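J.: What follows is a structure written as structure tokens; I'll ask about it next.
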Amino acid sequence: MLIRRHVRSEPRASEITPREVYLARRDFMRGGLALGAGLLLPGLVQARSGNGLNFSPGPFSTDEPKTPWEDVTTYNNFYELGTGKSDPSRNADMLRTEPWSVVVDGACANPGRYALEDFLKPHSLEERIYRLRCVEGWSMVIPWVGFELNQVLKHAEPTGSARYVAFETILDPENLPGQRRPVLQWPYTEGLRLDEAMHPLTILAVGLYGEELPNQNGAPLRLVVPWKYGFKSIKSIVRITLAEEEPPTAWNQSQPNEYGFYSNVNPDVAHPRWSQRTERRIGEFRRRRTEMFNGYGDEVADLYAGMDLKKHF
Ligand SMILES: Nc1nc2c(c(=O)[nH]1)N[C@H]1C(S)=C(S)[C@@H](COP(=O)(O)O)O[C@H]1N2
Ligand SMILES: [Mo]
């Protein structure tokens with residue numbers, strides 16, 4: 001993970017610190033990892049070519065123009081690192097990603113606690129160019145690098161009574177400034193129904209634009225569920241739990257009338273304080289019409305057959 005970040009992912013930090021000092025400090029802070037990188041993350045390091053990840057093109061990618069790296073990595077929502085859009089990139093270094101482990105537990109026959117390298121080792125990486133639409137009304141097209149979540153879930157061997165999957169972000173209030181304020185209930189949590197989680201569109205991402213994930217985008221591991229509002233795509237995951245009951249989710253807990261469990265992109269269900277009919281693609285001026293399921297209806301509409309999506313919003 002030593003060379004995870006390009007300087008370009010941290011423009012704010014390099015602005016406020018003279019570039020050389022900044023680079024020297026960064027190298028010093030990561031110096032201990034220079035040797036360790038190979039030990040900590042052999043899977044990922046082996047999978048590298050140059051500074052990037054080794055991956056093959058995956059299915060479901062859109063051919064729409066990609067949102068520039070600069071926007072993808074500086075216009076973020078990551079409340080653990082601050083509530084402003086530029087806070088996460090500015091505060092990116094406050095997220096400590098080494099060491100990192102992932103727990104898989106709950107209603108499954110094969111639970112485990114994995115060092116990140118072991119968790120990632122079995123998976124070959126694919127690029128999936130997906131739209132991401134935020135409930136706030138902006139959207140981006142992002143070339144993610146990751147693998148299908150269903151691989152992890154199958155390995156865990158869910159019991160017959162498992163119906164949901166719950167996710168949890170790292171809890172580290174000493175380092176994460178947002179977690180010292182009660183903006184949300186920490187740690188950030190999210191959840192999917194098991195069939196949504198098993199869907200081949202649902203991925204765990206470890207990179208974007210061929211590089212390891214910048215911290216502000218949810219390093220080292222985040223969910224991407226492209227037919228749901230961006231907030232379902234929980235960042236910096238430390239726990240994945242098979243559950244029998246619908247799990248609590250951070251945004252639903254904080255404002256249940258505004259953020260439902262399902263959170264499917266649905267232009268027909270307005271957020272109580274604003275419409276969801278249109279969106280602004282970052283980099284564009286004119287708003288475009290928002291598509292049902294964010295344009296992924298052919299793939300996922302079946303999951304909701306017979307459900308009232310105004311009630312289950
Ligand atoms: N842990 C955590 N995950 C999170 C958030 C957050 O505040 N904390 N914000 C969500 C929201 S609202 C959005 S729109 C997306 C943004 O992802 P991006 O910054 O990579 O574009 O992350 C989601 N995942
Ligand atoms: Mo969002």
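We did not get these values from a lab; they are worked out from the coordinates using the rules stated. Everything quoted here is computed from the prediction, not taken from an experiment. Note that each Cβ is placed from the backbone with ideal geometry, even for glycine, and that neighbours are counted across all protein chains shown.
J.: So for the range 262-284 (the condition being away from ligand 1 (no atom under 13 Å from the Cβ) and closer than 30 Å to Arg113 by Cα), does at least one residue qualify?
T.: Yes.
J.: Please verify whether Val224 is out of contact with any Pro (no Cβ under 8 Å at 6 or more places or on another chain), more than 14 Å from ligand 1 (Cβ to nearest atom) and touching a residue at least 24 places away in the same chain (Cβ under 8 Å), treating the condition exactly as stated.
T.: no
J.: Which one of these is within 15 Å of ligand 2 (Cβ to nearest atom), of a type in the set (Val, Ile, Thr) and either under 12 Å from the mean Cα position of the chain (by Cα) or surrounded by 22 or more Cβ atoms within 10 Å (Cβ to Cβ) (or both): Val183, Val224, Val206? Working first, answer last.
T.: Details: Val183 fails: either under 12 Å from the mean Cα position of the chain (by Cα) or surrounded by 22 or more Cβ atoms within 10 Å (Cβ to Cβ) (or both); Val206 fails: within 15 Å of ligand 2 (Cβ to nearest atom).
Being within 15 Å of ligand 2 (Cβ to nearest atom), of a type in the set (Val, Ile, Thr) and either under 12 Å from the mean Cα position of the chain (by Cα) or surrounded by 22 or more Cβ atoms within 10 Å (Cβ to Cβ) (or both) holds for just one of Val183, Val224, Val206, which is Val224.
J.: Scan the range 231-252 for residues that are out of contact with any Lys or Arg (no Cβ under 7 Å at 6 or more places or on another chain), within 16 Å of ligand 2 (Cβ to nearest atom) and not basic (Lys, Arg) and jot them down.
T.: Phe231, Thr249, Ala250, Trp251, Asn252
J.: Show the residue pairs that are 6+ apart or on different chains and have beta-carbon atoms under 9 Å apart, the first residue being within the range 83-94 and among the β-branched types (Val, Ile, Thr), the second being in a loop (DSSP other than H, G, I, E, B) and surrounded by 14 or more Cβ atoms within 10 Å (Cβ to Cβ).
T.: Hits for this filter: Thr83/Asn77; Thr83/Val183.
J.: While we're on this one: Could you run through the range 78-106 and say how many residues are surrounded by fewer than 20 Cβ atoms within 10 Å (Cβ to Cβ) and among the aliphatic types (A, V, I, L, M)?
T.: Total satisfying the criteria: 2.
J.: Which condition number in (1) closer than 24 Å to Phe147 by Cα; (2) out of contact with any helix residue (DSSP H, G or I) (no Cβ under 6 Å at 6 or more places or on another chain); (3) β-branched (Val, Ile, Thr) is the one that Val225 fails?
T.: It fails just one condition, (2).
J.: Every residue in the range 180-218 that is among the aliphatic types (A, V, I, L, M) and part of a helix (DSSP H, G or I), please. Quick ask: steps written out before the conclusion?
T.: Step one: list which residues in the range 180-218 are among the aliphatic types (A, V, I, L, M), which gives 183-184, 192, 194, 197-198, 201, 203-206, 208, 213.
Of everything in the range 180-218, those that are among the aliphatic types (A, V, I, L, M) and part of a helix (DSSP H, G or I) turn out to be Leu194, Ala197, Met198.
J.: Those residues that are among the basic types (Lys, Arg) and assigned to a loop (DSSP other than H, G, I, E, B), I need them from the range 109-134; list them, please.
T.: Result: Lys121, single match.
J.: Go through the range 135-163 and give me each residue that's in a loop (DSSP other than H, G, I, E, B) and either crowded, with 19+ Cβ neighbours inside 10 Å or more than 11 Å from ligand 1 (Cβ to nearest atom) (or both).
T.: The first filter runs over the range 135-163 and keeps only residues in a loop (DSSP other than H, G, I, E, B), leaving 135-137, 157, 159-163.
Selection gives Val135, Glu157, Thr159, Gly160, Ser161, Ala162, Arg163.
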